[in-house]
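A quick write-up on the structure given underneath.
The values are calculated or read from the model by the stated rules, or taken from the named source; none is laboratory data. Nothing here was measured: the structure is a model prediction, and the numbers come from that model. Note that each Cβ is placed from the backbone with ideal geometry, even for glycine, and that neighbours are counted across all protein chains shown.
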Amino acid sequence: MAFTFARDYEKWISSDSGKVDYPIQGAFIIPVQNTLMTSQTIEFMFLKNQQFLDNYKADPQLLPFFCGQHWYSNQEIKNGDLKLIWLKPFDNIELFNNFDIYTLLESINKLEIILDHSFLFSDITYCVDIGTGLNKQLLAFHKKNFSVGKAFECEDRSSVLNTSLNTNQITSRESIAMQLYIVGNGIISLGDIYIGLLESAFMHFYQCCELLIGTHKDSQIETRVNELQVSLEDRERISKITRHVFIARNWFFAHSGYEQKSFYKEDKMLIQNSKFSSQVIRQVLVAKWLSRYLLSIVLKTELKQREFRIYDSTGIESYNFNGNISDLSSTFKIPE
């Protein structure tokens, strides 16, 4: 799996944070979605709270999850109000303003590993108790996921209407490649609702390419591509794009490049550098384009490439790959 964990977080600070008397005692509240076994897992944490407190009393990352039970009730859990509460005091406003969200995210990761459960969330708020519970909000973070967009222009629709595909002549290998593409296309359409989906889509597109090219070895790409029934110019383009996709796979979606690349050794870079994540995640568009182009060649039919874009966390910058070789050294350059 690719090391593309980082997402930007939009931060909001209440003007009231400068009016309260420090030190303050509050907690970060993380509402989580009711995915498989989430309610049972949180209820387990609630019911076994004392044992958790005893077990993790010396752990500054995990202990805060079990110190705010009086702000949560089992009835809320049963009603579907699912959340994690992470106790956090602040001695002064400077510490409050400079709080690093990744401190909390690392604690959540640690909890998820111990519980063998992943929590799906987008918003985090910090609230203080002013006598009526945790209802005074002073700080908030919102996760800014990547988003995706697909076009279906008039010319696309006309092209689709005129596309024919004779499935009676499709080989077993081509059929499997089609299924890999279809699954990848479905996954990428889900976007970035959970970290790992876009990376999973990349691997399905890559496997489709590998199957149609007939090799996973970089040294054999040119030989295999030369067997395709396309022009010399097209072979050169396909070879370059295939090599690009294979490098992306080896460096970021497998293990072969792990020890050689310095960025793997930089402390916390992989989980806190959203620019790095964006550069890697864009490679899914290259793999998608290549896999569909190869399908078009081996199936001997012109398959329309609908425009597909990935938007960065700002929602302003977007990226689309249309087979242009020059884009591989600019917009879709593999980070080194």
Qualifying residue in the range 120-142 (condition: more than 22 Å from Y9 (Cβ to Cβ) and within 26 Å of the chain's Cα centre (by Cα)): no
Do we find a residue being basic (K, R), crowded, with 16+ Cβ neighbours inside 10 Å, at pLDDT below 95 and within 24 Å of N273 (Cα to Cα) anywhere in the range 136-143? yes
Looking at (1) within 28 Å of the chain's Cα centre (by Cα); (2) outside any loop (DSSP other than H, G, I, E, B); (3) closer than 27 Å to F99 by Cα; (4) not small (G, A, S), find the lone condition where H117 falls short. (2)
Close pairs (8 angstrom Cβ cut-off, 6 or more residues apart or separate chains): over 16 Å from L295 (Cα atoms) in the range 221-232, assigned to a helix (DSSP H, G or I) and of a type in the set (S, T, Y) anywhere: I221/S239; I221/T242; E222/S239
Lone unmet requirement of (1) assigned by TED's automatic domain parsing to the domain that holds M203; (2) modelled with pLDDT under 95; (3) farther than 30 Å from E155 by Cβ for K300: (3)
Looking only at the range 166-201, count every residue that is closer than 30 Å to A6 by Cβ, among the charged types (D, E, K, R) and assigned to a helix (DSSP H, G or I) and tell me the total. 1
Out of F321, F246, report the one residue that is assigned to a loop (DSSP other than H, G, I, E, B), closer than 23 Å to M178 by Cα and modelled with pLDDT of 85 or more. F321
If you go through the range 50-85, how many residues are closer than 30 Å to G18 by Cα, of a type in the set (A, V, I, L, M, F, W, C), part of a loop (DSSP other than H, G, I, E, B) and more than 28 Å from the chain's Cα centre (by Cα)? 1
Taking the range 288-317 on its own, how many of its residues are over 16 Å from K150 (Cα atoms) and surrounded by 22 or more Cβ atoms within 10 Å (Cβ to Cβ)? 3
Which one is farthest from L105 (Cα to Cα), of the residues in the range 48-92 that are aliphatic (A, V, I, L, M) and surrounded by 12 or more Cβ atoms within 10 Å (Cβ to Cβ)? I77
Would you confirm whether or not the range 12-27 contains a residue that is surrounded by 19 or more Cβ atoms within 10 Å (Cβ to Cβ), aromatic (F, W, Y) and under 28 Å from F96 (Cβ atoms)? no
Odd one out for I188 among (1) touching a residue at least 60 places away in the same chain (Cβ under 8 Å); (2) surrounded by fewer than 12 Cβ atoms within 10 Å (Cβ to Cβ); (3) not hydroxyl-bearing (S, T, Y): (2)
Criterion violated by T163 - all others in (1) polar (S, T, N, Q); (2) assigned to a loop (DSSP other than H, G, I, E, B); (3) within 30 Å of V20 (Cα to Cα); (4) touching a residue at least 40 places away in the same chain (Cβ under 8 Å) satisfied: (3)
Taking the range 68-86, which residues are more than 20 Å from Y56 (Cα to Cα) and not polar (S, T, N, Q)? E76, I77, K78, G80, D81, L82
Conditions (1) in a helix (DSSP H, G or I); (2) touching a strand residue (DSSP E or B) at 6+ places or on another chain (Cβ under 8 Å); number of the one not met by K88: (1)
